[in-house]
Amino acid sequence: MAFRKAVADPDSEKKVRWYHKLRDKYRLIILNEDTFEEKLSFRLSRLNVFVVTGMLAIILIFLTTYLIAFTPLREYIPGYKDTNIQNDLYELQLRADSIEDAVKSKDLFIRNMKKVLAGEDFETEMANELPDSAGRAKYAGINNTRSKEDSILRADYEAQNLYNLKVGEKETERKNLPLSKLRFFTPLKGIISNRFNPSQQHFGLDVAAASNEAIKSAYDGTVIFSEWTAETGYVIAIQHPGNVISVYKHNSVLLRKQGAFVRAGETIAIVGDSGEFSTGPHLHFELWINGKAVNPEDYIKF
């Protein structure tokens with residue numbers, strides 16, 4: 001019978017030895033060079049040295065970052081600037097401007113004094129017309145109240161446009177446009193709750209919307225009716241070019257009076273729930289052409 005001696009793999013032994021070397025213990029001894037007396041000794045391993053060195057590196061990086069981010073030391077690092085420098089420069093500029101204004105005022109005063117003493121007329125430019133210390137002109141003395149002449153002009157202009165469907169040549173051109181080329185403005189965006197149905201005496205379109213929504217004029221024109229009615233609440237009607245009339249009912253507030261001229265898209269009323277026939281916040285919109293009610297959906301996209 002033959003016997004064989006087991007031989008260990010040298011590569012595996014090297015791997016095991018390398019792994020265990022990280023945990024091998026070493027002793028660091030500090031001795032007195034003359035007497036060889038032991039002063040200090042430390043029991044270390046390679047793994048402990050790696051861990052301690054890594055922790056120290058992390059702490060050093062953290063402290064360096066903190067010093068750069070939150071202390072004035074970052075100003076000494078190339079590429080970093082003080083955030084207050086720009087504000088300081090601005091303040092210095094304002095102060096320089098104020099000093100310049102003060103010098104101008106003094107010079108003006110001295111020149112005027114010399115001219116007064118010499119019997120000459122002084123300059124009309126005064127120091128209070130110069131910019132103030134902040135570099136801004138002084139507007140405190142400006143009066144913004146409306147003058148009497150301005151009020152008269154406004155009243156005269158409004159009186160000329162009252163009950164007037166022909167405002168200039170452009171309005172005349174619009175009136176002469178064919179009905180198919182008129183581009184109406186959508187008075188209100190919402191959900192159509194009841195459509196045009198002449199057989200049931202419903203000559204308009206009901207558009208449901210939230211309260212306090214703005215109602216816009218469908219086209220340029222003059223307000224011919226703006227009053228309260230018991231059945232349909234606050235109603236406003238507008239006469240447009242081309243013998244077209246638009247009617248807006250059940251409003252909560254009317255923003256234009258009878259005789260006022262309005263533009264397409266201009267706010268004329270607020271959505272409401274007024275009148276006996278109203279069933280909730282909505283707009284009842286009617287469109288009349290040549291004295292006949294038509295379906296608004298044929299001309300306006302809601």
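Some notes on this structure:
- Each of 41, 70, 59 was scored by the projection of its Cα onto the charge dipole of region 20-76, and the greatest displacement toward the positive side belongs to 59; charges sit on the C-beta of Lys, Arg, Asp and Glu.
- Pairs exceeding 18 Å between alpha-carbon atoms, taken from 189/249; 148/257; 189/216; 216/257; 189/301; 216/301: 148/257.
- In region 174-298, taking the dipole from charged Cβ atoms about the Cα centre, the farthest positive-side position among 224, 184, 275 is held by 184.
- Trypsin sites (Lys or Arg not before Pro) lying in DSSP loop within region 226-302, provided at most 15 other Cβ fall within 10 Å: 257, 263, 301
- Among 201-211, 265-275, the order from most to least packed when residues are scored by Cβ within 10 Å on average: 265-275, 201-211
Only the coordinates and a few stated rules stand behind these numbers; no lab work does. Owing to the predicted nature of the structure, the values given are computational and were not obtained by experimental measurement. In this analysis, Cβ positions are derived from the backbone assuming ideal geometry, glycine residues included, and neighbour counts consider all displayed protein chains.
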